[in-house]
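Reading through the structure tokens given below for one structure.
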Amino acid sequence: MKQKCLLLLALAFTLVTVNAQTKVTKTNIVSNWVITAVDASPAFKYDVDKDSLSLGEAIKSQVKPEQESMVLGMMKQQVGVFKKMAFKFNADGTAELNSGVPGTGATKATYTVDEANSTITTVEAEGDKVKETIKADFVNSNLRLVLEQPTGNIILLLKKG
């Protein structure tokens with residue numbers, strides 16, 4: 001009986017550890033990152049690796065069922081830009097965002113990491129010097145960024161690339 005309890009406890013600990021989120025630090029985000037998935041619920045979800053797009057209820061409720069495949073086709077062209085987007089966080093506190101849009105250069109920025117609040121704050125190096133604070137953590141070695149929007153959060157899942 002005691003062995004069963006210990007085994008169950010070990011299994012529970014393993015499951016919690018495997019699914020645990022890791023806080024973001026300045027050292028663990030230093031890398032090149034590419035988008036692997038986008039969750040813009042309730043509008044859509046897009047798995048970049050599988051090139052799989054699914055419509056959410058916000059869009060489905062506005063189109064007739066026979067129009068869904070046409071809408072999916074149009075949206076797939078638009079979300080294809082996520083395949084080309086890339087983020088680079090350097091050890092010196094500088095960062096670059098390649099938007100994936102042909103003809104546009106990388107947006108250069110500086111960044112800081114607030115480990116206590118698990119956020120990354122970026123400030124554009126040129127132009128309007130837009131400042132943005134993004135919630136961030138790691139899930140199964142993927143960097144998850146939560147972009148807060150008035151219509152709902154957009155979650156980007158990034159992998160090293």
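If you count, for each residue, the other Cβ atoms within 10 Å and average over each peptide, how do 34-41, 145-152, 63-70, 86-93 line up from highest to lowest? Working shown, then result.
Numbers: 34-41: 19.0, 145-152: 12.2, 63-70: 10.0, 86-93: 15.4.
Descending mean neighbour count gives 34-41, 86-93, 145-152, 63-70.
Using Cα pairs under 8 angstrom and six or more residues apart, how large is the relative contact order of region 21-160, in percent? Display every interim value, and only then the final one.
On the way: 276 pairs, mean separation 38.3, N = 140.
It comes to 27 percent, rounded to a whole number.
Of Leu158, Leu53, how do they rank once you tally other Cβ atoms within 10 Å and put the fewest first?
Values: Leu158 23, Leu53 19.
Fewest-to-most ranking of Leu158, Leu53: Leu53, Leu158.
Which lysines, if any, have their Cα less than 27 Å from the Cα of Lys60, not counting same-chain residues under 8 positions apart?
The reachable lysines, counting only those whose Cα sits under 27 Å from Lys60, are Lys45, Lys50, Lys76, Lys83, Lys84.
Picking from Thr25, Phe44, Thr112, whose Cα lies most toward the positive end of the charge dipole for the chain (charges on Cβ: Lys, Arg +1; Asp, Glu -1)?
My answer, from the dipole projection, is Thr25.
Taking K and R as +1 and D and E as -1, what net charge do the other residues with C-beta under 10 Å from the C-beta of Leu97 add up to?
0
Return the sequence-ordered ³J(HN,Hα) values of region 111-117 in whole Hz as given by the Karplus equation 6.51 cos²θ - 1.76 cosθ + 1.60 applied to θ = phi - 60°, using x for Gly and Pro.
Listing the rounded values in order: 9, 10, 10, 9, 5, 5, 9 Hz.
How much net charge surrounds Gly127 when only other residues with a Cβ under 15 Å from its Cβ are counted (Lys, Arg +1; Asp, Glu -1)?
Values: positive: Lys108, Lys129, Lys131; negative: Glu96, Glu124, Glu126, Asp128, Glu132.
Residues near Gly127 contribute -2 overall.
Starting at the first residue of region 127-140, write each ³J(HN,Hα) from the Karplus equation 6.51 cos²θ - 1.76 cosθ + 1.60 with θ = phi - 60°, in whole Hz, x for Gly and Pro.
With the stated coefficients, region 127-140 comes to x, 6, 6, 4, 10, 9, 10, 10, 5, 8, 7, 10, 10, 6 Hz.
Please compute, for the alpha-carbon atoms of region 21-160, the extent along each of the three principal axes and give them in descending order in Å.
52, 36, 28
All of the numbers you see were taken from the coordinates with simple rules; none came from a lab. A quick note: this is a predicted structure, and the numbers were derived from the prediction, not measured. Heads up, the Cβs are rebuilt from the backbone with ideal geometry, glycines too, and the neighbour counts pull from every protein chain shown.
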